[in-house]
Structures are given as C-alpha cells and as structure tokens.
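The values are calculated or read from the model by the stated rules, or taken from the named source; none is laboratory data. Because the structure is predicted, anything quoted here is derived from the model rather than measured. As a convention, Cβ positions derive from the backbone with ideal geometry for all residues, glycine included, and neighbour counts pool all protein chains shown.
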C-alpha cells in the first residue's frame, strides 16, 4: 500500500521563469511548502497577491510529526478555507490521564468553554494537514487565484538588495534565478535561508531527544491522552500516548541527550519498549519511527529588511504544549494582512516591524511556557526533582496540587499587550478581549462571530448601530451590528460585561485593535491609522 | 519588602516547632526532604498570594 506521504504531490515541472532572458520579478516568494509556508501562501493568494512557493521536495512530510492543532489554528484554517476538512478528519479529545512511575495520579477532562465553533484541540497527522492545505491551493488555482507551488526547486543562494532579493534555484533541469520583492522563509528549524544569510539563532538552549513512533493498534484503545512521568519503561524520562485518525497512535518517548540515535531507532530496540508501555497482550504494527531533537531558541528579529521569517525557521520550542506548528500559523496570520497593505501602498513598510515585534513577543511566551514544562518534566537538580515528585505525590491525593503538574501548557494565542498597533481601551469592558487579544468566538444570532470576520478590518457594534461599510484612507472597513436583543450570554460575557453597548475595531487577523463604549468614526479612523502603522497611538 | 511576612505570627511557637520535629522523626534523609517539599507546597497553597510568596522566598534567602 502506498502511504500518503510516499506519493509526489507537487512534482517538479519546468517553469517559464527558467527560460526567461532576465530573472522574473515576483511580489512574494515563500521558501518551504511545510504547513506554515502553505498557509502563508493561501492567505496571500486569497487576497489576490501573487505568490510562488519553492520547495526542494515534492511530497507531504513523512510520519505524523506535528499532531496537535489548537482551536486558534482551526480558526485560522477556517479563514483560509480549509478548517472543515481538518476537523472532519481529526480526532477530538478531552480526556487525559497522568501517570507517575507505575501508578495513575489523576485524570482530567479539558471541558472546553461552550460557545465556540471550534474544539479546543484536534489530533491530526501533519501529512493530512499539509495535504488539505495543498488541496486548498489546488482549488484556489482552479478559481484563478495567483498561487504556484514549485516542487523540486531548491534554493541555492540568496543575494539581498534594498528592494528585493535575488534567488538562485537548483532544479532537476538546471539552475535559474528569480527576484522577489518580499521573501518569506518558512523553511523549518534548520532553515537554509537563515544559514545562507548568516543570521543568528540564539536563546536559552537545552537539548533533548525524543523517540517518536506511529503505531497501528489492532484492538480498541481509549481516545485519551496518557502522559507518564518517570515510567518503569522509560526511567527518569517522560512518555506520551496520543490518538490520531486512521487508528494510528502516536507515542513520544523522551530519551535525554546522551544517546546513540541509530541504535535507539532500530525496531528490535523500539518494540520491546512499546510492549512494556502498552502491555504484552496489545498487538500493534510499527508504522514509522524517528528521533526528534529540539532546542528552545529564536532569531533575534524575524524581519531582515525584505526577508521575513515565520514558523520554526524563526523560533523553536520543546514539543510540550504543542506550541511549534500552532505558533507558526499565528505568525502567518499576523503577517499576511500587513504585507498586503504594504504591497498595496496603503501602509508603510515599517508596519512589518510590528510583525516582528508581535511575533517575537509570542515566541518569547511560547519559549517561556515550554521551558517551564521541560524543567518540570526533566528536573535539572536533585532539589527540583524532590519538588517535582512532591507535586505528583500530592496531586494523587489533593486537588490543590494538580494545577502545578506541568506536562505541557497547551498552546493558546498570544495577546499582543504593549503592541504599537494597539489603540484605545475602555477598562470597564472584559479583560479577555482587550486590545491585542484574539477575538473570542461566540454565537451572534447570525452565525459564529469568527465566521463573519473574513480578512478585512471590521467594526463590531454590539447593542449599537455601526455603518455597513466605511472607506478610511483607502482601506475598506466592514461594519457588523449585533442588535441588543440578539446579544446572547456568551457575547455579553466576552465583550460587554456590565456595559450596555460597545464598539470593537478588529484587525484582519481577528485581533482586537481598539474598543469604545460608543461609535465615533473619527476615533475609529485614528485607531485604524495606529493599527496600520501610519501614526503613533 | 519582607517586613509584613517576618513579624511574629505563630499562635504557639514552641508547640509548632516540636510538632515539626516530631513529624520528621523516624524518616530517612530522603523521606524528610520529600516531606519538607510537600509541606512547603501545602503551605504555599494556603498563602496563595503571589506577592506574599515572593516576599517569603526573598526572606528565606535573608536578602
């Protein structure tokens, strides 16, 4: 049987650019057709910005790799037109069990908050995520959207100029050059772009190895997340068991740093370990096994003139908390609309500095969270081990200790507190929807709120009328009014608290830019100027 | 900064001290270390307030 990740999905085809007498200029070139690069291209092409993706491969990634996709990621996929496919295929999970040594310490139910379209998390193999993104690109191409994936195109050299980058590409039929007004590097943790431009990748470094395996169970096994601290089958380390679609289970075994990778990867070493973990009587097939190494670090800045970095090329975290790929989608969500405004001449290039500011802030938050998880899971001193074990002991008996158990703090979107794009706030409104925060979904009486925010600036009037459309400095602002009698409990709790009415200015990436108690178009125009980098707040 | 967390507040200092020592009686060094860690976590939970906890950490460093 040919597996999904064995079939070429975007095989090399000669491009007319290869025979052009002079390098062809493109507005945007994305390097890397991984999940982040594909999503970036969809976002731009949806806004009619021509985009070319270059990748040296022609297939989806091998093995499950990133498997936990967060609610915010699914909301972004909804805006990109492929959220439904992901959720339909993915496994929704809520139940988790935590083990310490050979005993179960407690179990939990995620019990996600009601009144959101998307679930808290789904599990889905990365290759399915990539497949649905490629299928979305194919559907967009059929509608005439300007997006192209060039497989078998390996970037060999980059030369930066003030207003573009010259890209040298190697293909099976030889080399060619093209020029990119803007270059977006989504080429992963080992980013060749970063290396070719001789850029830093610094931060707190700690290193660890994980054996990751996909197994197909032959019998039923519960749809739960099982996490082990110091299990008998992996002494002094951690282990994770997670369900994926197609009856495939993902197993992560932490191995520590000083190991023989080739030896650990051999099936004769992997299978006995898995048997010890799953039980001798459980029958399974080993589908894929790999060793994954991580470090926690980020680039000092994500913008280098006309070259921008997104996803793992810009930042890397430990896998605890699913903060890798999920934060990459938040990167492109942040970058897409800003790049469009700059390309359309409606915002200054410096708006892109706010991409770096906001997403570096996000990366710092993710690195902090995942470093704390790593410190709990792998105690670095005798004293930290004593406290870790005390927490786990107490958690078995007392509820108070459970919030201290840290097997990964699951990815939530970052709030851009202190961003130069944030406008006025009204402190009487709920804190969770302050400027800089992601819009919290809620039913509006006419569909989900997030489904109604489709990539434009939006003025949301709650309990007060706002115009259906406003033109401000060449930017279209869509107005959505929710009448007082259509405001349900969720909208009230998330956006009004005790206020009778409120007006929110929402960015194209579904983040709150500013908010007031009443509509005033002058104030909105000023906040829009701030949110598009055209004036200081 | 540490004044309000270091003023005398124990109801019966001698009795508490004796109880604390008694609780460790018969424990190995390893068991005592684990006991202390559990006790610190229980006490921290009772205090709850982060600012106060930070003051206690600083006071324990005697700086």
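Structure values in brief
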read-out	value
Flag for residue A:383 being within 14 Å of chain B (Cβ to nearest Cβ) and at pLDDT 95 or above	yes
Whichever residue in region A:388-421 is assigned to a loop (DSSP other than H, G, I, E, B) and within 14 Å of another protein chain (Cβ to nearest Cβ) and, among such residues, is farthest from residue A:457 (Cα to Cα)	A:398
Test: residue in region A:371-380 that is away from chain B (no Cβ under 14 Å), outside any helix (DSSP H, G or I) and touching a residue at least 12 places away in the same chain (Cβ under 8 Å)	yes
Subset of region A:385-402 (residues that are surrounded by fewer than 21 Cβ atoms within 10 Å (Cβ to Cβ) and closer than 20 Å to residue A:318 by Cα)	A:385
Test: residue A:495 is part of a helix (DSSP H, G or I) and either free of Cβ contacts under 8 Å to residues at least 24 places away in the same chain or surrounded by 18 or more Cβ atoms within 10 Å (Cβ to Cβ) (or both)	yes
Meets criteria (in the same structural domain as residue A:35 (by TED's automatic domain parsing), on the phi < 0 side of the Ramachandran plot and touching a residue at least 60 places away in the same chain (Cβ under 8 Å)) for residue A:285	no
Criterion (farther than 26 Å from residue A:370 by Cα, away from chain B (no Cβ under 14 Å) and over 30 Å from the mean Cα position of the chain (by Cα)) met by exactly one of A:430, A:467, A:424	A:467
Residue count for region B:4-57, restricted to those that are touching a helix residue (DSSP H, G or I) at 6+ places or on another chain (Cβ under 9 Å), over 24 Å from residue A:392 (Cβ atoms) and not in a loop (DSSP other than H, G, I, E, B)	5
Those residues of region A:498-525 which are within 18 Å of residue A:350 (Cβ to Cβ) and outside any loop (DSSP other than H, G, I, E, B), in sequence order	A:513
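A quick yes/no check of all residues on (1) outside any strand (DSSP E or B); (2) not assigned by TED's automatic domain parsing to the domain that holds residue A:329:
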site	(1), (2)
A:149	no, no
A:152	yes, no
A:195	yes, no
A:213	no, yes
